[in-house]
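Undergrad: Quick one: this structure, given as structure tokens, is what I'll be asking you about.
The values are calculated or read from the model by the stated rules, or taken from the named source; none is laboratory data. As the structure is a prediction and not an experimental result, all values here were calculated from the model. Neighbour counts are summed over all protein chains in view; Cβ atoms, including those assigned to glycine, are modelled from backbone coordinates with ideal geometry. Ligands, DNA and RNA are excluded from the accessible area calculation, which covers all protein heavy atoms including side chains. Shrake-Rupley method; radii C 1.70, N 1.55, O 1.52, S 1.80 Å.
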Amino acid sequence: MRKLNSRYLILLLTIIMAGKTKAQDWANLNKYKNENMLVAPPASGEKRIVYFGDSITEGWGTVYPDFFIGKTYITRGIGGQTTPQMLLRFRADVIELKPKIVVILAGTNDIAGNTGPTTLEMILGNLVSTCELAKANGIKVILCSVLPAYDYPWKSGLEPADKIAALNKMIQKYAKANDIAYVDYFSAMVDDRKGLKSIYSQDGVHPNKEGYQVMGPIVEKTISHL
């Protein structure tokens, strides 16, 4: 048997351990662990708001950072995440930061099957659970519509447009029945194919600066009434 080179063996072990660590931190609780520890308790009268979601929320802070300057907003988005992953990290990345409001935008990665097969009912169930956790901790919720998408560039051919539209109706219905604020980005950004208008995105899924400039006033109008 050929003897393994020591450098190769070390590299192989490093790759294996990195894979195990990633698998163990399925919800990516480590991403914001250090930042969360540095977040001070809210000041008296502070209207702290956490934006909680996937890459669309995470990208907001990098593509259009001006939106967050001088405001009591905290972003806690993680690219690629699905609602079960977000549910697992909701306490660490939302509840423990003690916001007045959480803005939840999620579901498109579930439809894409990023963490396996799911149904619209399962997606809604996870969103309901996050809302219940928020309510139990005195946090007001803003549920957001999933942004339109005609196709997913990383998993083409799934035809998500109609599923997204159907999920949004379910989210809106739940929000109305439970006196939860609902923000409709979808109607302002959808094209005639039920996809995301090209002026608002380069890949048909993630907003560009122009897209976030549409989203900002929509959500802030709702925030002003809470």
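Undergrad: Looking only at the stretch 181-213, which residues are part of a helix (DSSP H, G or I), touching a strand residue (DSSP E or B) at 6+ places or on another chain (Cβ under 8 Å) and open to solvent by 10 Å² or more (accessible area, probe 1.4 Å)? It would help to see each step written out before you state the result.
TA: Kept after step one, since they are part of a helix (DSSP H, G or I), are these residues of the stretch 181-213: 186-189, 198-200, 209-213.
Among the residues that remain, those that are also touching a strand residue (DSSP E or B) at 6+ places or on another chain (Cβ under 8 Å) are: 189, 200, 211.
Of everything in the stretch 181-213, just one residue is part of a helix (DSSP H, G or I), touching a strand residue (DSSP E or B) at 6+ places or on another chain (Cβ under 8 Å) and open to solvent by 10 Å² or more (accessible area, probe 1.4 Å), namely Tyr200.
Undergrad: State all residues of the stretch 80-136 that are open to solvent by 40 Å² or more (accessible area, probe 1.4 Å) and within 17 Å of Lys33 (Cα to Cα); if no residue qualifies, say none.
TA: Residues satisfying the conditions are Leu87, Leu88, Arg91, Glu96, Lys98.
Undergrad: Given the structure, is Ala161 in contact with a Gly (Cβ under 8 Å, 6 or more places away or on another chain), without any contact (Cβ under 8 Å) to a residue 40 or more places away in the chain and surrounded by 15 or more Cβ atoms within 10 Å (Cβ to Cβ)? Write out each step before concluding.
TA: Details: in contact with a Gly (Cβ under 8 Å, 6 or more places away or on another chain): yes; without any contact (Cβ under 8 Å) to a residue 40 or more places away in the chain: yes; surrounded by 15 or more Cβ atoms within 10 Å (Cβ to Cβ): yes.
Here the answer is yes, as Ala161 does meet what is asked.
Undergrad: Could you list, in sequence order, all residues of the stretch 175-202 that are out of contact with any Phe, Trp or Tyr (no Cβ under 9 Å at 6 or more places or on another chain) and closer than 22 Å to Thr118 by Cα?
TA: The answer is Phe186, and nothing else.
Undergrad: Further question on the same structure: Considering only the stretch 97-126, state which residues are touching a helix residue (DSSP H, G or I) at 6+ places or on another chain (Cβ under 7 Å) and farther than 14 Å from Tyr51 by Cα.
TA: Gly107, Thr108, Asp110, Ile111, Thr115, Thr118, Leu120, Ile123, Leu124, Asn126
Undergrad: Here's a check for you: in the stretch 53-79, which residue that is more than 15 Å from the chain's Cα centre (by Cα) and either β-branched (Val, Ile, Thr) or closer than 19 Å to Asp25 by Cβ (or both) is most open to solvent (accessible area, probe 1.4 Å)?
TA: Ile69
Undergrad: Can you tell me which of Lys135, Lys98 is of a type in the set (Lys, Arg) and touching a residue at least 24 places away in the same chain (Cβ under 8 Å)? It would help to see each step written out before you state the result.
TA: Values: Lys135 fails: touching a residue at least 24 places away in the same chain (Cβ under 8 Å).
Just a single option satisfies the conditions, and that option is Lys98.
Undergrad: Still on this structure: Among the residues of the stretch 164-180, count how many are out of contact with any helix residue (DSSP H, G or I) (no Cβ under 7 Å at 6 or more places or on another chain) and either surrounded by 15 or more Cβ atoms within 10 Å (Cβ to Cβ) or acidic (Asp, Glu) (or both).
TA: Of the residues in that region, 4 qualify.
Undergrad: Another question about this same structure. Tell me, please, whether a residue that is open to solvent by less than 30 Å² (accessible area, probe 1.4 Å), modelled with pLDDT of 95 or more and not in a helix (DSSP H, G or I) can be found in the stretch 34-48. Reasoning before the result, please.
TA: Let us first name the residues in the stretch 34-48 that are open to solvent by less than 30 Å² (accessible area, probe 1.4 Å), namely 36, 48.
Checking which are modelled with pLDDT of 95 or more leaves us with 36, 48.
Adding the requirement that they be not in a helix (DSSP H, G or I) leaves 48.
Among the residues of the stretch 34-48, at least one is open to solvent by less than 30 Å² (accessible area, probe 1.4 Å), modelled with pLDDT of 95 or more and not in a helix (DSSP H, G or I), which makes the answer yes.
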